[in-house]
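What follows is a single structure, written as C-alpha cells, with notes after it.
The values are calculated or read from the model by the stated rules, or taken from the named source; none is laboratory data. Remember, it's a predicted structure, so these values are computed and weren't measured experimentally. Here Cβ is always computed from backbone atoms with ideal geometry, including for glycine, and neighbour counts include all displayed protein chains.
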Amino acid sequence: METTGLDFQNDRPIEIGAVLYSTGQKRTMESTGFLVKTDVAISSFITGLTGLTHAAVNKFGYDSVDALDIVIDMMKEAEAIVGPERDSFRQAHVGAWASRHGRTIPEKLWIDTRTDLPGVESKGLTYMAADHGFLNLFPHGALTDVQTCLKIVSMYDIDVVVARAKEPVVVLKAHTGFNGLPDNALAKARKFGWNLRISLVQGCEAKRCSSRNKPRRVRRILCHGYPGRKPMVFIALKSSAKAQGESNGVNR
C-alpha cells in the first residue's frame, strides 16, 4: 500500500498491491495492483518517493470504496496477511480506511517480515531483499513490494514463521530527544526506530522483538491488548540505561 502520508486518520491510500499466494503449491493464485482516487493532496515528497501524482490517481484510480472492497475480498480468501510492520503503518491505514466506509476488516493473522522471520535483522524491504540475494526492482510500487515480501517469506519454513507471528510482541520503548541529540543516536545504534503505533509520545523510539527474546532485566511490564489485535508488551526504557532493561515507568 502507498499512501499520501503516515497519518492514518487524515491521509489516504493511493495505490494497492495484493497477492493471494499458496504456500502449499508455492505459486500465486491471484494478484492485483491499482491506483486509488483521493481528495487528499499528494505532496511532492510522496511523488518523489512513489512516482505517483494526483492527476494519475484521479485519472486511472478506482473509487476508494470499490478499491477497499477488492482488498477485503482478497483478505477473506487468505489465512494470513503478510507485510512489513503489521501493527503499524499498513494495518492502521487499512483499519481507518474501512471505518470511513463502514466496512469491517476480516480478522486474520498478520505476519511481519521485519519481526517474524527467524534470524533476520529488521531492515527496510529493499535492504532485506538484497540480504536475501535479489533486488526489489521497483521500490515503493505497491504490487512489487508485496511480491518482494512474498519472495523473502518463501525462503523460510512457513510453519515457523506462523508460530512466531502468533507470539506476543515485545516492544522496547526508549525515551529520546529530537533527531541529532546524543540519546537519539544511542537509541538508533541499538536498532531502535520510529514506529507509527508505538510512538505514543513525541521523541519516542521503539524496537520490536519476539517474546522469547525479551530482555531479562526488565522491572515492570504491562500486557496491553487492542480490539482485534494480539496482546503487546510495552517496556519503557531510559536511553541512559543503554537499553539494558532499566525501567522508568510503563506507558498505558
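Worth pointing out:
- Selection of region 41-69 for residues being touching a Lys or Arg at 6+ places or on another chain (Cβ under 8 Å), over 17 Å from LEU143 (Cβ atoms) and outside any helix (DSSP H, G or I) yields only ASP63.
- Any hit, region 88-101, residues being surrounded by 15 or more Cβ atoms within 10 Å (Cβ to Cβ) and assigned to a loop (DSSP other than H, G, I, E, B): yes
- Residue in region 61-71 that is closer than 21 Å to GLY102 by Cβ and touching an Asp or Glu at 6+ places or on another chain (Cβ under 7 Å) present: no
- Scanning region 102-119 for residues that are closer than 26 Å to LYS188 by Cβ and either buried (at least 18 other Cβ atoms within 10 Å of the Cβ) or touching a residue at least 12 places away in the same chain (Cβ under 8 Å) (or both) yields TRP110, ILE111, ASP112, THR113, ARG114, THR115, ASP116, LEU117, PRO118.
- All told, LYS37 meets the bar of being more than 22 Å from the chain's Cα centre (by Cα), more than 29 Å from ILE152 (Cα to Cα) and not polar (S, T, N, Q).
- Options LYS26, LYS37, LYS76: the member that is basic (Lys, Arg) and in contact with a helix residue (DSSP H, G or I) (Cβ under 6 Å, 6 or more places away or on another chain): LYS37
- Considering the conditions (1) buried (at least 21 other Cβ atoms within 10 Å of the Cβ); (2) free of Cβ contacts under 8 Å to residues at least 40 places away in the same chain; (3) part of a loop (DSSP other than H, G, I, E, B), THR148 is excluded by exactly one of them, (3).
- Hits in region 100-124 - residues which are within 19 Å of ASN136 (Cα to Cα) and modelled with pLDDT of 90 or more: LEU117
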